[in-house]
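Only one structure is covered here, and it is reproduced in the block below.
Every number here is computed from the coordinates shown, using simple stated rules; none is lab data. Everything numeric here is computed off the predicted structure, so don't read it as measured data. A quick note on method: Cβ atoms are made from the backbone with ideal geometry, for glycine too, and the neighbour counts reach across all protein chains shown.
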Amino acid sequence: MVRFFVASLTIKLPDNQKDEIEAVAERKNYNSVSEYVREALRNKVEEDLVLRPEVAEKLRRRVKEYEKGKTGLVSHEELEEELKQLDED
């Protein structure tokens, strides 16, 4: 038997935004506002986790260079710095 633990998250919204969320959840036939918000958060997290094409290409090049012996291992910090530079470009 698999058990899932449920965490609780409290957020504060302006009244008009809460009303909009409730209206959309009802219009789209969600069983509850919580169900709608959970799905919206899941979608946003998935979207944020998707690698941008230029980041994926940079990582592919790094792996190929490593496999060909052209470069050694890099630290997590070094890789983070390179990826930050992509954001700045």
- prompt: How many lysine pairs does the chain hold where the Cα atoms are under 27 Å apart and the two sit 8 or more places apart or on different chains?
  reply: 13
field: Cα long-axis angle, helix 53-67 against the chain (0 to 90 degrees, to the nearest 10)
entry: 40 degrees
- line: For the chain, longest principal axis from Cα atoms; helix 15-27 axis from its Cα atoms; angle between them, nearest 10 degrees, is 90 degrees
query: Which label belongs to the value computed from this structure, given these candidates for Rg/Rh (Cα atoms, Kirkwood Rh): (1) 1.16; (2) 1.81; (3) 1.20?
result: (3)
- prompt: Taking segment 38-83, which trypsin sites (Lys or Arg not before Pro) meet the DSSP loop condition and have no more than 13 other C-beta atoms within 10 Å?
  reply: LYS68, LYS70
query: Whats the longest run of the chain with zero chymotrypsin sites (Phe, Trp or Tyr not before Pro) that are DSSP loop and have at most 12 other Cβ atoms within 10 Å?
result: 6-89
- line: Rounded to the nearest 10 degrees, the helix 33-49 long axis (Cα) sits at an angle to the longest Cα principal axis of the chain of 10 degrees
